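The values are calculated or read from the model by the stated rules, or taken from the named source; none is laboratory data. Just so it is clear, the model here is predicted, and its values are computed rather than measured. Here the Cβ positions follow ideal geometry from the backbone for every residue, glycine too, while neighbour counts run over all protein chains shown. We work out accessible area using only protein heavy atoms, side chains counted, and drop any ligands, DNA or RNA first. Shrake-Rupley method; radii C 1.70, N 1.55, O 1.52, S 1.80 Å.
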Amino acid sequence: MDSMLTDLDRIKDEIADSFDEELEMEMDETRLETMLADLADHPANDPGREAIDRRLYFRELFRLQHELVVLQDWVQTQGLKVAVLFEGRDSAGKGGAIKRITQRLNPRVCRVVALPAPNERERTQWYFQRYVPHLPAAGEIVLFDRSWYNRAGVERVMGFCTEDECEEFFRSVPEFERMLVRSGIILVKYWFSITDEEQQFRFQMRIHDPLKQWKLSPMDVESRRRWEDYTRAKEDMLERTHIAEAPWWLVEAVDKKKARLNCINHLLTQIPYQEVEKPAVVLPDRVRHDDYARHEIAPEMYVPELY
């Protein structure tokens with residue numbers, strides 16, 4: 001009975017998390033307190049400790065996102081080049097963290113790179129070649145939703161590369177990353193860590209949620225069977241690619257909300273920044289011309305107003 005209640009509570013938390021994602025985009029400083037008060041009466045909310053945690057989550061997320069905007073302005077004005085790698089097991093929460101980082105930022109400054117499987121031509125290139133064009137220029141932040149570390153993880157475990165190719169990767173990647181850092185790129189690497197049991201639960205939630213089934217690929221399903229193989233590959237990768245110039249940072253991600261806040265907070269500490277003073281924005285008077293008349297638009301060009 002206790003186990004059943006625990007599972008129901010976790011399913012309830014998952015539903016609440018989806019609901020909260022919508023609230024996050026509606027949140028602004030003037031509405032924050034009202035929205036937090038409304039949460040207490042929402043059916044998706046779990047009374048007691050979880051309600052308090054959600055209030056804390058919203059407050060901290062909004063505060064950290066404000067700091068991310070300040071960081072963005074600093075990166076842009078100082079011409080910094082920032083690359084952040086997000087790695088981890090399938091369903092570990094990388095995408096959720098990336099979404100919260102980019103939620104309020106300018107997509108021309110902060111962009112996400114999530115490359116598909118390499119095509120025939122890309123398989124014959126120097127391994128890092130397909131990633132290089134996506135590296136940041138001055139004034140840019142690039143978030144890699146999986147990166148060149150695919151070779152040390154999924155490619156190695158699933159047999160998409162040979163052991164010789166994997167060994168060459170391990171020989172090359174420290175020098176590749178040192179070269180990036182020497183060129184002026186700020187390189188930050190995160191590994192999102194979850195338990196075997198938590199991944200099983202999240203996969204089951206995706207299977208039964210039509211809006212999330214697209215997140216579950218055949219490769220993800222196979223990763224369940226090969227949990228231990230992925231664990232060995234991860235341990236080897238962390239040991240051989242944790243370098244002073246670009247260390248790995250592990251994010252405990254069983255609790256999604258805590259993982260997002262911890263990751264964003266840590267990212268902000270990796271780049272010294274300060275607020276950029278901006279001139280006040282003054283809207284000019286609208287120019288009007290007596291000889292201008294707005295043209296009529298054909299009714300069939302309008303989108304039907306069904307709502």
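Observations, loosely collected:
- Scanning the range 246-260 for residues that are assigned to a loop (DSSP other than H, G, I, E, B) and over 16 Å from the mean Cα position of the chain (by Cα) returns a single hit, Pro247.
- Residue within the range 81-88 that is modelled with pLDDT under 85 and buried (at least 16 other Cβ atoms within 10 Å of the Cβ) present: no
- Some residue of the range 261-278 being among the β-branched types (Val, Ile, Thr), part of a loop (DSSP other than H, G, I, E, B) and either in contact with a strand residue (DSSP E or B) (Cβ under 7 Å, 6 or more places away or on another chain) or without any contact (Cβ under 8 Å) to a residue 40 or more places away in the chain (or both): yes
- Residues located in the range 177-198, provided they are buried (at least 17 other Cβ atoms within 10 Å of the Cβ) and in a helix (DSSP H, G or I): Glu177, Leu180, Glu198
- Filter result (touching a residue at least 12 places away in the same chain (Cβ under 8 Å), open to solvent by 60 Å² or more (accessible area, probe 1.4 Å) and either aliphatic (A, V, I, L, M) or under 18 Å from Ala259 (Cβ atoms) (or both)) within the range 100-123: Val112, Ala114
- One residue from Arg151, Arg156, Arg171 being of a type outside the set (Ser, Thr, Tyr) and free of Cβ contacts under 8 Å to residues at least 24 places away in the same chain: Arg171
- Of the criteria (1) more than 29 Å from Cys166 (Cα to Cα); (2) under 22 Å from the mean Cα position of the chain (by Cα); (3) in contact (Cβ under 8 Å) with a residue 40 or more places away in the chain; (4) loosely packed, with under 13 Cβ neighbours inside 10 Å, which one Arg206 fails: (4)
- The range 242-265, residues that are among the acidic types (Asp, Glu) and either at pLDDT 95 or above or open to solvent by 100 Å² or more (accessible area, probe 1.4 Å) (or both): Glu245, Glu252
- Flag if Leu283 is in contact with a Phe, Trp or Tyr (Cβ under 9 Å, 6 or more places away or on another chain) and either open to solvent by 40 Å² or more (accessible area, probe 1.4 Å) or modelled with pLDDT under 95 (or both): no
- Taken together, Asp196, Asp209 contain a single residue that is touching a helix residue (DSSP H, G or I) at 6+ places or on another chain (Cβ under 6 Å) and modelled with pLDDT under 95, which is Asp196.
- For Ala152, the test of being buried (at least 19 other Cβ atoms within 10 Å of the Cβ) and over 26 Å from Lys212 (Cβ atoms) is passed.
- Of the residues making up the range 159-173, those that are open to solvent by 40 Å² or more (accessible area, probe 1.4 Å) and either under 25 Å from Gly79 (Cα atoms) or part of a loop (DSSP other than H, G, I, E, B) (or both) number 3.
- Just one of the numbered conditions (1) open to solvent by 100 Å² or more (accessible area, probe 1.4 Å); (2) assigned to a helix (DSSP H, G or I); (3) over 30 Å from Trp74 (Cα atoms) is not true of His295: (2).
- Residues located in the range 212-241, provided they are surrounded by 12 or more Cβ atoms within 10 Å (Cβ to Cβ), outside any helix (DSSP H, G or I) and either among the polar types (S, T, N, Q) or more than 21 Å from the chain's Cα centre (by Cα) (or both): Arg226
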